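Data first, discussion second: the structure below is written as structure tokens.
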Amino acid sequence: MAARMDVRIKEEFSDYDYSSFYYSSSDDVFAILDPYTRWYDEAQLRGYHLYAQPMSTRPRTRIDLEDKLDRKRVNLLNLSSYNYLGLSYRAEVLDAARRALDQYGLGASGSPVLSGTMDVHLELERELAAFKRKPAAMLFPTGYSTNVGLIQGLMRPGDLIVADQNSHASIVDGAILSKAEVRFFKHNLPEEVERKLRGATGKKLVIVEGVYSMDGDVCRLPEIVEIARRHGARVMIDEAHSSFIYGESGRGVAEHFGLEDEIDIHVGTLSKALGGQGGFVAGSESLYKYLQGFARARLFSCALSPVVAAGVLEALRIAAREPELRARLWDNVAYIRSRLREEGIDTGESTSQVIPVLVRNDRRIFEIARRLQDAGLYLQPIVYPAVAKHRSRFRISVSAAHTREQLDEGVGILARVLREEGVR
Ligand SMILES: Cc1ncc(COP(=O)(O)O)c(C=O)c1O
């Protein structure tokens, strides 16, 4: 099928990329759709078919996929899922979700401020707050809407947001929606935070991430918090990739650095280490009450499904009572990191379970990804707009569920294909 399509579609757009299709010169809103579709079809053949391949199994360490070019891929080694503690399919989690399905039905059927709050939501909020040792925690339908709702809910035109240049899209979008002034600082450089805050008056919020999602490096929190404090700025940390993983008790990078009380707003997702869906903000009671009224992404959206809330609640309890899961994850991270180093593979600045494998060739990476899949390894190519142009990479997500043999197998395939492709 691929070969037939190859013949049919000529390479009309080989010099274009995704960013060529933001604007068109026409007055018709739809004028961009046809050229984009033609580019998209061509891009599928050049490798975009590797995105959104439907998975027909749980996001286990081995998975089955439907290849969009017609092949069924079975038993691929999965180094792509966020399921860091292997909790998305733990038997107790699935049982809790099944019981909730029987009790509540499928969805919440209402906004959390109208009819959508169920007792399981409040129980989850209470346990998240207790876990984070904060007075309150508020649930949002997704991690994305958490950042959008929180930042838009708190910040106003004339205020200042100082955020890392590698901030997740949800932070950027929340900042845009708030209409506050946004100054991005060079990635993870405290002196740049200082520069952006210097001379600023009025309300100021510094936003960082615990572990940066595309590079896997850890925020230089102690220095940044000290600078923010000196300038009278509040600090928000998004621990999407570090909650339930970092720190002695899994409370995140803020715990890891002993800075939990220095941080005003703690954000986390339920979609990564806990294997479910949703996001949360942990902080003061007054922050909770204010956001209840002003975080529009929550106010005007259906509450998280009670089925997911119940599953996540069980996953949270497991993460809290089984520190050995985190220990196993960190053993696996240390092991794969040493194997990658032995093979001379460039993993940038990562020190976490998110490990980029830098390829830096935005076109070639698709061919390499296809070869990896042919060899039995599922790794997603990450290109613009998820990362800057010419910073393309694969992103390894390590989980506590991987075995040493699987990690060896993955590194073996990766090293061989990268060597054959001349990438090091
Ligand atoms: C730093 C960060 N914040 C927020 C999100 C959004 O979380 P979710 O996927 O749960 O909506 C992500 C997702 O990857 C992320 O990496």
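No lab work stands behind these numbers, since they all come straight from the coordinates. From a predicted model like this one, the values you see are computed outputs, not experimental measurements. For neighbour counting, all protein chains shown are included, and Cβ atoms are generated from backbone atoms with ideal geometry for every residue, glycine included.
Things worth noting here:
- Taking the chain and dividing mean pair separation by its residue count, relative contact order in percent (alpha carbons under 8 Å, at least six apart): 20
- For region 28-113, a simple Cβ point-charge model (Lys and Arg +1, Asp and Glu -1, everything else neutral) yields a dipole of about 460 debye relative to the Cα centre.
- Mean separation of Cα pairs under 8 Å and 6 or more residues apart, divided by the residue count, gives region 305-424 a relative contact order of 30 percent.
- Anisotropy class of the chain from Cα gyration tensor, a/c 1.5 cut: rounded
- The count of lysine pairs in region 89-321 with alpha-carbon distances below 19 Å, taking only pairs 8 or more places apart or on different chains, stands at 9.
- When you restrict to C-alpha pairs under 8 Å that are six or more residues apart and normalise by the size of region 89-321, the relative contact order lands at 32 percent.
- On Cα atoms only, tilt of 91-104 relative to the major axis of the chain in degrees: 60
- Overall form of region 246-327 per C-alpha gyration tensor (a/c, 1.5; a/b vs b/c): oblate
- In degrees, nearest ten, helix 119-132 long axis to first principal axis of the chain (Cα): 90
- Longest segment of the chain lacking GluC sites (Glu not before Pro) that sit in a DSSP loop with at most 11 other Cβ atoms within 10 Å: 12-247
- Rounded to 5, percent antiparallel among DSSP beta bridges of region 128-273: 5
- Counting only Cβ charges, +1 for Lys and Arg and -1 for Asp and Glu, the dipole size of the chain around its Cα centre is about 100 debye.
- Of the beta bridges in the chain, as assigned by DSSP with both residues counted there, near 55 percent are antiparallel.
- Fluctuation leader among ASP173, ASP41, ASP64 - the chain, Gaussian network, Cα springs under 10 angstrom: ASP41
- Neighbour cut-off at most 11 other Cβ (10 Å), DSSP loop, trypsin sites (Lys or Arg not before Pro), region 136-224: ARG198
- Tensor-based shape of region 89-321 (alpha-carbon gyration tensor, a/c under 1.5 rounded, otherwise prolate or oblate): prolate
- Helix 404-421 axis, angle to the chain major axis (alpha carbon atoms, nearest 10°): 50
- Stretch in the chain that is longest and holds no chymotrypsin sites (Phe, Trp or Tyr not before Pro) that DSSP places in a loop and that have at most 15 other beta carbons within 10 Å: 52-299
- Size of charge dipole - region 89-321 - debye, nearest 20, with Cβ of Lys, Arg +1 and Asp, Glu -1, no other charges: 560
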